[in-house]
Amino acid sequence: MKDPGATMCADIMPAMRMPSSIAAVLVALIAACSPAPSDGDSEERAPASADRRPHIVLIVCDTLRADHLDLHGYARSTAPLLRGWASTGMVYDEATAPSNWTRPSIQSLFTGRHPIADQIFHPGDRWRTDVHWLPELLQEAGYETVAATANLFLGADFGGSRGFDRHVHTEFDRAQPGHWKHLIAAEGLLTDLEGALTAPPLDDDRPVFLYVHLMEPHIPYDPPAEYRSWCPPDYDGPFDGRGAAFGALKGDNVDERLAAGDREQLIGLYDGEIRRMDDQLQRLRKMVAKHLGGRDVLTVLTADHGEAFGEGPSNRYTHGWGMGPELLHVPLVVHDGREHGRVSARVGLVDIFTTLMETADAELPDDIDGLPLRDAQRGREYVSYKALPGATALSGQLAVLRDDLRAERHDDGTWGLFRTDTGEDVTEVYPRVLRDMIRSSTRWARASRERLPDPEAGRESNSAGGDLFEKLKALGYADEVTDESAGDEQGDDVDTEPKPEQPEPGHDG
Ligand SMILES: [Zn+2]
């Protein structure tokens, strides 16, 4: 079976083929008018000279949780410019991140597949090249591809330049116990991008795919003074924006180690970073309007995952751990200058892949999970998966999200069912629904084996050299790097049925 989503989604897939009776009439007409035989089964495509495909701009705001945007009802006006722009586009109120950290989420965005299909991500590895990749597919479809990225995973050392004709990337040199966030801030990145968009000049005859990956909301939160109005005015603790201080946020029960005012300070800094990014997003929109002319522009803005501030029973901060809404509920705005409104049905980053491929009139791979965003409707399921070493397809943190429910598998293999709006534990209320969602996760695990029979075969180590560990550590991945070096037992045994996930329900709901 090539498409694990087909089983579940067949009943909601739109009818794509014309009725056979109409097709037969068309075949007859074509045969009568043309001396050349026609199979009657292929659609005419517009010739290249009439290429009216739009420019595509895809913006990922790393670590941006949806509920900290005034666009989604947040009390602070963290992104007023984004809210104004989004009011003239389509806002998806329930967009699902494929994972709680960057790499599996970006892999899903660029492949249209749930992350479980691409197995485990060792943080020090390059992106595997044996799977299709959105920038490369758009490049092959005739787009001029440009990237501006500030996350080290999107750098050339990791193979992040794959498929891009022009690739602008910023990184900090080393993790220093000081203020280094400015080294990966959007201010400098967008200046570099403008240079890349103008020298050499873009080809007017080709549409452009522009990918922008911004890092403002990621630790260390260190906005300039003008963006710190939400911080406690008399705060004099360790969280002043220096990178080293954020190491204290690792592990469980973080609040026990924080002093009074620390959490408020952290959230104030985080919100300030969003406000700072909002200004830069406005600058980016002006840049696009100035340099990407001659055609319509389709812009998609989203995030790879959110950020935690102690939510959930483990009281964790930052990201890379947990499957709660603070990590999996991300913003999604699609702006084409025409349609506007809000969509309440759940969608996912895998759907962005499909939407952009269709926009580019590019041929879709036949083994993807994403559907066009315009087909968003209730009943769709999305898998989110941690996908770090130590997990397998049938163990480790994973969630299945459907409508207003989240089935969550914990580290110990037990499952729970939660309402996504209130967080209420409804494990005992809807046991049959939970069992059904667990079966969905098992289907995807099986499909993973068929898609990548040997998940280790495509592994290739990063080429960054000596300071890679320090860079990963500065972004909060030191533990996982240590785990990786400890062993290689990451293969998934998808023939094993899940452990008993929960007690037999006493009543159904
Ligand atoms: Zn990220």
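A few points about this structure:
- Looking only at the range 288-312, and only at residues there that are charged (D, E, K, R) and away from the ligand (no atom under 13 Å from the Cβ), the one that is farthest from residue 108 (Cα to Cα): 290
- Hits in the range 305-327 - residues which are among the hydrophobic types (A, V, I, L, M, F, W, C) and closer than 18 Å to residue 406 by Cβ: 308, 321, 323, 327
- Residue identified as closer than 24 Å to residue 405 by Cα and either over 20 Å from the mean Cα position of the chain (by Cα) or surrounded by 23 or more Cβ atoms within 10 Å (Cβ to Cβ) (or both) among 96, 149, 88: 96
- Positions within the range 139-175 being part of a helix (DSSP H, G or I) and more than 16 Å from the ligand (Cβ to nearest atom), in sequence order: 139, 140, 156, 157
- Matching residues in the range 74-95 - criterion: being without any contact (Cβ under 8 Å) to a residue 24 or more places away in the chain, within 17 Å of residue 341 (Cβ to Cβ) and either part of a loop (DSSP other than H, G, I, E, B) or not basic (Lys, Arg) (or both): 84
- The one condition from (1) over 29 Å from residue 296 (Cβ atoms); (2) touching a residue at least 24 places away in the same chain (Cβ under 8 Å); (3) under 26 Å from the mean Cα position of the chain (by Cα) that residue 232 does not meet is (3).
- Candidate set: the range 51-69, residues that are surrounded by fewer than 23 Cβ atoms within 10 Å (Cβ to Cβ) and acidic (Asp, Glu); chosen: the one nearest to the ligand (Cβ to nearest atom): 67
- Number of residues in the range 96-114 that are assigned to a loop (DSSP other than H, G, I, E, B) and among the polar types (S, T, N, Q) equals 2.
- One residue stands out among those in the range 204-229 that are acidic (Asp, Glu) and within 27 Å of the chain's Cα centre (by Cα): the one that is surrounded by the most Cβ atoms within 10 Å (Cβ to Cβ), which is 216.
- Breaking point among (1) away from the ligand (no atom under 16 Å from the Cβ); (2) in a helix (DSSP H, G or I); (3) not polar (S, T, N, Q), for residue 189: (1)
No value in this document is a laboratory result; all are computed from the given coordinates. The model shown is predicted, which means the values in this text are computed figures rather than measured ones. Here Cβ is always computed from backbone atoms with ideal geometry, including for glycine, and neighbour counts include all displayed protein chains.
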